[in-house]
Structures are given as structure tokens and as C-alpha cells.
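Student: Take a look at this one; I'll ask things after.
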Amino acid sequence: MGGGPSDVSKEKCAIGDLQPGSDVHAPEISIVVPAYNEAANIPELARRTCAAVGPLGSFELIIVDDGSTDGTWEQIEAATASYPEVVGVRLQRNFGQHPAVSAGFAAARGDVIVTLDADLQNPPEEIPKLVARLGPDCDVASGWRTLRKDSRARTLPSRVVNISIAMITKVKLHDYGCMLRAYKRLVVEQVQACPEVNKGITALVSWLGVQIVEVPVEHHARVAGRSRYNYWRLIKMNFDLLTGFSTGMLQAVSLLGLALSVLGLGAGVVMAVWRVVNGSGPVGLATFLAVLLFLVGAQMAAIGMVGEYVGRIYVQVQGRPYYIISERIGGDGSRSPG
């Protein structure tokens, strides 16, 4: 379903032709921005986004403060005072990017919902291009950073995630990690209807089987703040993908156990024949320890993988909320508790 530069020129459709929201006074477009310690970027984010989306029609800019500690919420409050379209949602603590996006989805009222990072590496000026691409053959317009301005330490982990999601969902895209995406409202409603915790929104959308088209977008180097992604988050994300969308790892563990059983049986037969032929069995403490360590390591890895699935079940049955909103401020200055 992925496409290249030619996808941008395909059939367009008016926003009004898309799945409408239930609120007759709802804006046409909702932009959802998760923000964690992005105080330095919020003023420019609000200014540029409002300028870029304003010509498209009525819109709202929902900035979700994901438990920031650097004054991000104060900057969001200032933005709501300067721009009536800006809405601030404050989470009670840092829940993570996907819960913050889900909180924004729940607050969004538009016919089209756009997600955007707060770091401005994906320029808001590219939003009209994605919105225009939505149509009968496109439910999700996904940004494709053809020329990334990140270091190799950032791009290599992204490639690993791209491969993992493509293998699990059977949908091949060039850039799963791009937050800049435009969704029809119906797609967002389907995502929100999924009751699972630890939602991987990008992978979940692909799993839904909707029509996804990639649209090349610009990508800039980060100007302010710092990235929160690291290799530990990459490992955790891949485990969440593997255990959240496939039982393949359980099958792999079963196959590994079967292979080790066959290997052990074969080794036993070889040693029995050796003893009959030579009168004594093979010796070698180092070989024995190597085989023992391999078997113990494989067993621990298998237990750990099964534990990942059990852990997801444990978190799911707890029934705790995916996020908790502590405060909300609207573009008109009105406040309401979570």
C-alpha cells in the first residue's frame, strides 16, 4: 500500500466528503501534538501550525502535555491565550507518547485528525499536503521522511522498527516512525475502540487493514530540546510489537525447544555408540559447560519471552486507565479538571 512521490498527485477529495464527527460545531481538522519537555518549541509550534492550517478551514490544535517538568504546560497556557484554536490537555504524569496521542484522539472533534511531533523536525507546513491526499483510495496519509536529518544512531533503530512492524502487520512502508500523519476520523474511532493497553498506534493502524499511502515530507534537524529516544526504548518497543500483534515468538520458543530436544537425543545416541565402540565415553569439561550454558540460556530466554506475554495479560486485566487527564484548557481560556 505504500507509495512513492507519485502518490501525491493522485485523486484528491474535499474534507467534507470524509467521515464526519458527531459535533455539528466541530472543526474540520484536529491536529494532535504530544509534548514532553518541549517548552522551548511550543511557541513556534503554535505559530507555525496555526499559520499553515488556517487556510484549510476551521481547525483545532490539541497539545497534550505528557507530564513535562520544564514549563511546557505554562507555554501551552500562553499559546491558548494567543491562539483561540489551541487546546491544552495535561496528563497527570508521564504516560508515554502513545497514551498522550490517545488522549489527543479522545479530545479531537475534527473530520480529519493529524498527528505531529512537538520538536518541529516534521514541519507543520507539510500538513496541507497530507490532508489533500486523503480520499476514497486513502484512509491514512503517512509522512515519509525521504531525507532524514538525524544521526545514524537514530536512523538505524528506526529501520529495525520498520522491519518489525512490516513483518508483523504484512504492510510494507518506508517510514513507520514518522509521527506526521493524517487520518480519517473513522480510522481514529476504530483505534480508540480497541480496548487493549500498550497500544502501538502506528502498528495498530496497519493491522486494521485501512488504505495507507505514503507522502514524501520534509524533515529538519532538531533546533531546541533533545530527543527522548534511546536504545532501551527501541528494545521495549520491539517487545511490545512482538507480543502485542503476534504469537510468533511463542511458536519460535516451541520450535527451539523441539530442536534442542532432538539435538539432545542425537547427542545421547552418539555418546552411547561411542561408548560401545571405544569402551568409554567422550570427556571434556569445557565442552560440557559450553553445552550447559547454551541450554540454560535458551531456557531462560524462552521463559522470558513467555513472561512478556503473561505480563501483557497481567497489565490488561488490571484495568488501569491508559492515561489520566489532570487539567484541560480551551482556546477560549476556559479550564476544566480531568
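Read-outs: derived from the displayed coordinates by stated rules, not from any lab. The structure displayed is predicted, hence computed values, not measured ones. Cβ atoms come from the backbone with ideal geometry, glycine included; neighbour counts cover every protein chain shown.
Student: Could you work out how far apart the two model spin labels at Val317 and Ala252 are, taking each label as a point 7 Å from the Cα in the direction of the beta carbon, and quote it in nm?
Tutor: Those two pseudo-labels are separated by 2.6 nm.
Student: Could you calculate the contour length gain from Leu186 to Ser58, that is, 0.36 nm times the residue separation minus the distance between their Cα atoms, to one decimal place in nm?
Tutor: So the chain would gain 44.2 nm between Leu186 and Ser58.
Student: State the extension gain, in nm to one decimal, for the chain segment bounded by Gln211 and Leu147, taking 0.36 nm per residue of separation less the distance between their alpha-carbons.
Tutor: So the chain would gain 20.6 nm between Gln211 and Leu147.
Student: Another question, then. Using a Förster distance of 25 angstrom, determine the FRET efficiency expected from the C-beta separation of Arg93 and Arg48, and round it to 0.05.
Tutor: Taking R0 as 25 Å, the efficiency between Arg93 and Arg48 is 0.30.
Student: Round to the nearest 0.05 the FRET efficiency obtained for Glu308 and Glu125 when R0 = 41 Å and r is the Cβ-Cβ distance.
Tutor: 0.50
Student: By the gyration tensor of its Cα atoms, with a ≥ b ≥ c the square roots of the eigenvalues, what is the shape of segment 41-120: rounded for a/c under 1.5, prolate for a/b over b/c, or oblate? Write down the numbers at each step before the final one.
Tutor: Working: a/c = 1.87, a/b = 1.27, b/c = 1.48.
Cα axes put segment 41-120 in the oblate bin.
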